[in-house]
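Read the structure below first, then the notes.
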Amino acid sequence: MSQTQEGFDTENNSISSTTKDLYLAFVIDGEHYAVDVGNIKEIIGIVPITVIPKSEKYIKGIINLRGDIVPVINVRLRFMKPEIEYNQLTCIVVVEYQEYTLGLIVDSILGVYNIGGDMVSSPPSAKLNFANQFVKNIGKSEDGIKLLIDLEKLIF
């Protein structure tokens with residue numbers, strides 16, 4: 001079975017140091033996406049978000065995460081998908097990339113998957129679909145395809 005809880009500390013909502021080939025999979029508008037577990041700081045529920053005036057529509061604002069100010073983006077809006085109301089499955093995946101910490105609002109979490117080696121392939125041309133510009137690779141698992149997100153392109 002490719003889904004695993006290995007690498008995820010459920011007591012502390014954090015990721016352990018053994019993260020090679022592990023990806024956190026989540027849902028956006030019915031599609032399955034994933035980010036490298038090594039970039040995940042934690043997963044939290046929806047908390048109050050302070051809106052930043054005159055920012056891009058997909059930038060929802062900032063949150064106070066135990067004293068740290070963290071910008072939050074709605075991945076649905078970043079992918080130019082329709083906005084929906086948050087529900088009990090909606091959460092914020094806090095990621096660290098280079099020197100940046102950022103919250104990603106996702107529809108729901110699927111779990112942690114081991115996707116490596118021949119289970120990863122290159123994506124089709126980014127010119128076929130706008131959202132493909134955010135996809136680094138395609139991951140295959142027993143329960144379907146996961147689009148592996150390029151955090152650099154998602155953030156910048």
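Since every read-out is calculated from the coordinates, none of them should be taken as a lab result. Treat the numbers as computed from the prediction; the structure is a model and nothing was measured. When we count neighbours, we look across all protein chains shown, and the Cβ atoms used for this are built from the backbone with ideal geometry, even at glycine.
Quick rundown of the values:
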quantity	calculated
Order of Phe26, Phe156, Phe79, Phe134 under a 10 Å beta carbon neighbour criterion, fewest first	Phe156, Phe79, Phe134, Phe26
Members of Lys57/Lys136; Lys41/Lys140; Lys57/Lys81; Lys20/Lys81; Lys60/Lys81; Lys54/Lys136 lying beyond 22 Å, as alpha-carbon distances in this model show	Lys57/Lys136; Lys41/Lys140; Lys20/Lys81; Lys54/Lys136
Environment charge of Tyr97, counting only residues whose C-beta is closer than 11 Å and scoring Lys/Arg +1, Asp/Glu -1	-3
